[in-house]
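Nothing in this text is a laboratory measurement; each read-out follows from the coordinates by a stated rule. Predicted model, so just to flag it, every value in this text is computed and none were measured. Heads up, the Cβs are rebuilt from the backbone with ideal geometry, glycines too, and the neighbour counts pull from every protein chain shown.
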Amino acid sequence: MPEQPAAGLGVRIRKARKAAGLSQYELAELLGVVQGAVSQWERGQTEPSLRHFIRMVRLLGPSLLELDDEEPPDEAVTGSRPGAAAT
């Protein structure tokens, strides 16, 4: 079964939530969503809205912003393109 697009983010949400000592229900209460939404985010079925993501970063810390080791760097972030010659 192929990995869901948001699975990497979901793993980071779950790790950060557990590190903060919060249950899915408690995080949901702090964010103003239902527990099922947090569960879906953690399983990679859906992604949080930008507003909820920003609130999670404020609550759980910046580890949510880290890229997975397996993800290639984003062109917009690095300013380079694959195959482009260095000048």
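As a length-normalised measure over Cα pairs under 8 Å and 6 or more apart, the relative contact order of the stretch 7-64 settles at 44 percent. All other residues with a Cβ under 9 Å from the Cβ of Glu42 taken together, and with Lys, Arg as +1 and Asp, Glu as -1, what is their net charge? Residues close to Glu42 contribute a combined charge of +3.
Among 50-61, 8-19, 29-40, sorting by the average number of other beta carbon atoms lying within 10 angstrom of each residue, highest first, gives 8-19, 29-40, 50-61. Extension gain, Ser23-Leu65: 0.36 nm per intervening residue step, less the Cα-Cα distance, totals 13.1 nm.
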